[in-house]
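Student: Mind having a look at this structure? Questions to follow.
The values are calculated or read from the model by the stated rules, or taken from the named source; none is laboratory data. The shown structure was predicted, so the numbers you read here are calculated from the model rather than taken from an experiment. A quick note on method: Cβ atoms are made from the backbone with ideal geometry, for glycine too, and the neighbour counts reach across all protein chains shown. Areas reflect the complete protein model, heavy atoms only, side chains present, ligands, DNA and RNA absent. Shrake-Rupley method; radii C 1.70, N 1.55, O 1.52, S 1.80 Å.
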Amino acid sequence: MTIGSTELLALAPLLVTVATAVAVMLSIAWRRNHFVNATLTVVGLNVALLTTLFTHNALPLELPLTALLQHDGLAVFGTAAVLVSTLGCATLAHAYLEGLQDNRDEMYLLLLIAASGAIVLVGANHMATLLIGLELMSLPLYGMIGYIYRDRRSLEAAIKYLVLSAAASTFLLFGMALVYAETGSLAFATLAQPLQAGAPLLLTGLTLMLAGIAFKLSLAPFHLWTPDVYHGAPAPVGAFLATVGKIAVVLLLMRWWQELGLGRSTLFTALLAGLAMLSILTGNLLALFQGNVKRLLGYSSIAHFGYLLIAVIAGNTIGDEALGVYLLTYMAASLGAFGVLTLLSSPYRGDDAQGLADLRGLFWQHPYLAAVMTVAVLSLAGIPLTAGFIAKFYVVAAGVAAELWWLVAVLALGSAIGIYFYLRVMVTMFLAVPGRRRLDAERNWGERSGGLMTVLLSLFTLAVGLYPQPLLDLLR
Amino acid sequence: MLLAWLILIPILAGLLCWQTDRFGNTPRWIALGAMTLVTALALELWLSGDYHLGAGVHDAPQWQLEFRMPWIPSLGIAIHLGIDGMSLALVVLTGFLGVLSVLCSWSEIQRNTGFFHLNLLWILGGVIGVFLALDLFLFFLFWEMMLVPMYFLIALWGHRAAGSKSRISAATKFFIYTQASGLLMLLSILGLAFAHFDATGVLSFDYEVLRATALEPQLEFLLMLGFFVAFAVKLPIVPLHGWLPDAHSQAPTAGSVDLAGLLLKTASYGLLRFALPFFPNASAEFAPIAIWLGIAGIFYGAVLAFAQTDIKRLVAYTSISHMGYVLIGIYAGGAMAIEGAVVQMIAHGLSASALFILCGQLYERLHTRDMRQMGGLWSRLPLLPPFALFFAAASLGLPGTGNFVGEFLILAGSYAVAPVPVVIATGGLVLASAYSLAMVHRSMFGPARSPIPIPGAGRRETLMLLLLAGAIVWLGLYPQPVLDLSERPVALVREFYPPQQNATGAAVP
């Protein structure tokens, strides 16, 4: 296949992101300046985002770009979601790193490389691009998690993630090897036929790959790394892990589900349903007595991707829409929650803000910051008037339409359990103010880009909760 | 648009209250003004509309006033509000009790008044929304919307009750009970909508559209249970009542007034408006169980009320007992029984709120709610004890009070359908006298604990109690306006339920 101007245009978001990474690298080599490099990153990401929107309007949907990448609705949505989340994380990183007396600029470089990996992943149409995308996304993450390397926890989290992630990758690779041994092909589209025939080697291979993917999504029982890594990673990196790191992978799973026709296989439906149920229950139950907000968000993300799997399994049109709505609202809420933690924290002032005690009485000192957190938490809990409710409603609707009664019942049970810890976080912010705060937000947090971003996110969450129709139209 | 304003006024005024926190009493006046306005608008609707049954049920449109606006058309969801006699009566009650709950926290709440009134008004807005919503999605939204502010009200301004857990755990318990059961209702709503979609190819959450859905018996029963459980938790029905005593004993007075006076009523309203017309056959099948659950509630609530030492917990348990009658009246399904249930809902809303306000006033003076520490208040405290006696008499259903009318209509109307349960339920009236009088006796009579007089009710407090007493007596002596209001809605419910009999436009004899 030749690459002409149309194909180049479709690849533009990826190319722009990679070019920005190169530019930031050169800029760092030229002169270290935190502000310049951060601005360069944000501008590059914005240009990439604009080109994404442009390609969406200018190009036909369903455009194969070489045998490796696909340009379609899923890929465009994924690219946009990845870019927006990365933008959010970049602004947060800027607010966070201001207080770091060390090299700050490389964070943006790593962020951009990871984002390009995620963009490759959402367009992946072939096992090779799958692996390249996944690894390109994961490798910078080791560095980002351990960025505050003088902090023992940060380093520990990085090593833990490195070891476990490598193990997951070997599963993935071995699975691919088995798939190749059986079918002699690595393109997704060619696998649907043999899968119907039910070749045992292929099934084993795909199951192993599913385990690798479940690890990246931290679905139970592959979730053990999540709380520790969320705990140790600097808050903006935690936000990146929770959003980009998961959105890209779940979209990949969705593509798999559609292209390979996994939904028609009872084995994989059962496997995925089992993963979903286990994740919902594990995530919510383990979060119950968690006093650390970062770990809690980790557990909550386990549960949320359990909910999301229901939309994937449902496999109907309403399920596709549910996936989009859910990912966007989850993204906004997670970025909001991590954003507030970031704004309260600074490296070299001890641990990041994450204990419930650090949030105590926040409302009476920083009402708007606390309101942002409240909206984020309520949205994660799926309470009406926030986007989270619309998203949960959509997922339940998809489940009911596909008659997945057991899964939907587990979802209801899980969210009922989940209310407990979300409420605990929320009410803590409204209790009486403690004598002195260990960590406090800058007085002018609202004028910083990070603060502005979190406020915008919670406005988005409320707007979608009140009037979701424009968003639904956009996702169609 | 007027209907939308009924919901929007409290919500917008609430935001205003929050922002005027620093200006002393301004939030209170804003809240008071907003709720007075809501009450006035609702009364204006009552006076200007014609709610009579007329010759036939279908002579006039079902809704006196309707409001429809597209919202999420891709899912068939619209902002559809409508008001008929029954919802109007309850909206008037909401406005009235809203005014009172602002008044009764005038001196009780001193911390963060702006945020307090934000929560209070949002609860009231949510309750009005529940009473007006005719789209199931919207209904569910309002149903859940009341929870968060109520949670804050209990968790942040609550009291620490002696010998029990903290107010936060009480609030959390309330939230989890209602939220978990609410999710079951959400499943049922979606199940109903998709059943309708499978049958007709139209996805809609509209009340009138879904009401016509024909369902398989088994599915109908399951969906009915989802609705029933959600309403049963809030009503509350006995095995699901665990949140109520804790929430009441820890809530501030305004919170208790809203809980007992309004939130419990949303459940019985929901049963009448949604559960019975949507699932008539399943409900009829389920009716005996529901009636016996009601009886269990009557006796359980009464016996436990008698055993309480905390005066607020006592009143809380009486609510369980009174709502048992409402449940019987609704499921018995006679015209008289259902109208009785509507009157009882309003009467109980008034009398329970009055008792909770009294409890609050006693607490402000004595700093205890333990009846063992009261005793002999009649001689030390002017004005409040006679009021307490009057409201206790109302609560036990003395003729001349609205509660008597409600209970009498329920029992007389249900007798033909369920004679044995009604005979047993009548026994509950004796227990009601026992706990009501015991409450007054333990707290007001007997030897005084100290000779020091306690300041009596101020002008604001007297006004509140007089208003409530007046309303109760009016409802007891001349209930006809309320019966007129509920006549048509009840006749419409009876078109569907009980299923075997068809509409005859039955009126109250």
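Student: Report D for chain A in µm² per second (integer): Stokes-Einstein, Kirkwood Rh on Cα pairs, 25 °C, 0.890 mPa s.
Tutor: 110 µm²/s
Student: Which is the longest stretch in chain A that no exposed loop site breaks, taking sites as GluC sites (Glu not before Pro) with a DSSP loop state and at most 13 other Cβ atoms within 10 Å?
Tutor: The answer is A:63-402.
Student: When the Karplus curve 6.51 cos²θ - 1.76 cosθ + 1.60 is applied with θ = phi - 60°, which whole-Hz ³J(HN,Hα) does each residue of segment A:253-269 get, with x for Gly and Pro?
Tutor: Here the 3J(HN,Hα) series is 4, 4, 5, 3, 4, 7, 6, 7, x, 5, x, 7, 8, 5, 4, 6, 4 Hz.
Student: Just the number, please: carbon plus sulfur as a percent of the accessible area of chain B, 1.4 Å probe, no ligands or DNA/RNA counted.
Tutor: Exposed carbon and sulfur together represent 67 percent of the surface.
Student: Take residue B:68 and residue A:101, extend 7 Å from each Cα along the Cα→Cβ direction, and tell me the distance between the two endpoints in nm.
Tutor: 6.9 nm
Student: Just checking the output field for A:379-390: average partner chain Cβ neighbours within 10 Å of each residue's Cβ?
Tutor: Other-chain Cβ atoms within 10 Å of each residue's Cβ, averaged: 4.
Student: Continuing with the same structure: Mind giving me the nanometre distance, one decimal, between the label points for residue A:32 and residue B:463, set 7 Å out from Cα along Cα→Cβ?
Tutor: If labels sit at residue A:32 and residue B:463, their model points lie 6.9 nm apart.
Student: Continuing with this model, one more query. Between residue A:368 and residue A:270, what FRET efficiency comes out of the Förster formula 1/(1 + (r/R0)^6) with R0 = 51 Å and r the beta carbon distance, rounded to 0.05?
Tutor: For residue A:270 and residue A:368, the calculated efficiency is 0.65.
Student: Work out the mean other chain Cβ neighbour count within 10 Å for the residues of B:111-123 and drop it here as an integer.
Tutor: The mean count of partner-chain Cβ atoms within 10 Å per residue comes to 1.
Student: In terms of modelled amide H atoms, which long-range or inter-chain residues lie less than 5 Å from the amide H of residue B:310?
Tutor: When sequence neighbours closer than 5 places are left aside, the close amide H contacts are B:371.
Student: Could you sort the residues of segment B:66-84 by number and keep only those whose accessible area is reduced by 10 Å² or more in the all-protein-chain setting relative to the chain alone, 1.4 Å probe?
Tutor: Output list: B:71, B:72, B:73, B:74, B:75.
Student: Looking only at Cα atoms, what is the convex hull volume of segment A:316-400 per residue, in Å³?
Tutor: Residue-normalised Cα hull volume stands at 99 Å³.
Student: In degrees, nearest 10, range 0 to 90: what is the angle between the Cα axis of helix B:459-477 and the longest Cα principal axis of chain B?
Tutor: Tilt relative to chain B: about 50 degrees.
Student: Next question, about the same structure. Under 8 Å for C-alpha pairs, at least 6 residues apart: give me the relative contact order for chain A, rounded to a whole percent.
Tutor: 14 percent
Student: Now for a different question. Using only C-alpha atoms and all pairs of different ones, pull out the Kirkwood radius for segment B:145-247 in Å with one decimal.
Tutor: It works out to 15.4 Å.
Student: On to the next question. Kirkwood Rh over alpha-carbon pairs of the protein assembly as shown, then Stokes-Einstein at 4 °C and 1.567 mPa s: what D in µm² s⁻¹, rounded to an integer?
Tutor: So the translational diffusion coefficient is about 43 µm²/s.
Student: Shifting gears a bit: Please work out the C-alpha center-to-center distance from segment A:15-64 to segment A:242-274 and express it in whole Å.
Tutor: That distance is 29 Å.
Student: 7 Å from Cα along Cα→Cβ at both residue B:25 and residue B:4: what's the point-to-point distance in nm?
Tutor: Computed distance between label sites residue B:25 and residue B:4 equals 3.5 nm.
Student: Please give the net charge around residue B:362, taking every other residue with its beta carbon less than 15 angstrom from that of residue B:362, where Lys and Arg add +1 and Asp and Glu add -1.
Tutor: Here the count lands on +3.
Student: By how many degrees, 0 to 90 and rounded to 10, does the Cα axis of helix B:335-366 deviate from the longest principal axis of chain B?
Tutor: 30 degrees
Student: Given the pairs A:160/A:294; A:160/A:246; A:294/B:234, which span a C-alpha to C-alpha distance of over 27 angstrom in this model?
Tutor: From the list (A:160/A:294; A:160/A:246; A:294/B:234), the Cα-Cα distance tops 27 Å for A:294/B:234.
Student: Same structure again: Just add up the charged neighbours of residue B:62: K/R +1, D/E -1, any other residue whose Cβ is under 10 Å from the Cβ of residue B:62.
Tutor: Value of the local net charge: -2.
Student: While we're here: Quick one: angle between helix B:26-48 and the longest Cα principal axis of chain B, in degrees between 0 and 90, rounded to 10, please.
Tutor: The helix B:26-48 is inclined about 50 degrees to chain B.
Student: Express the carbon and sulfur contribution to the solvent-accessible surface of chain A as a percent, rounded to the nearest whole number, probe 1.4 angstrom.
Tutor: Carbon and sulfur: 68 percent of the exposed surface of chain A.
Student: Quick one: longest stretch of chain B between exposed loop trypsin sites (Lys or Arg not before Pro), exposed meaning at most 16 other C-beta atoms within 10 Å and loop per DSSP?
Tutor: B:166-448
Student: On to the next question. Relative contact order for chain B using alpha-carbon pairs under 8 Å, separation at least 6, rounded to a whole percent?
Tutor: 16 percent
Student: Round to the nearest 0.05 the FRET efficiency obtained for residue A:197 and residue A:43 when R0 = 51 Å and r is the Cβ-Cβ distance.
Tutor: 0.50
Student: May I have the extent of the alpha carbons of segment B:222-274 along their three principal axes, as whole Å values ordered from largest to smallest?
Tutor: Between the extreme Cα coordinates on each principal axis of segment B:222-274 lie 37, 22, 11 Å.
Student: Which FRET efficiency, nearest 0.05, do residue A:15 and residue B:48 yield, Cβ-Cβ r, R0 56 Å?
Tutor: That pair, residue A:15 with residue B:48, gives E of 0.25.
Student: If you find the alpha carbon centre of segment A:354-376 and of segment B:199-230, how far apart are they in angstrom?
Tutor: Segment A:354-376 and segment B:199-230 have Cα centres separated by 41 Å.
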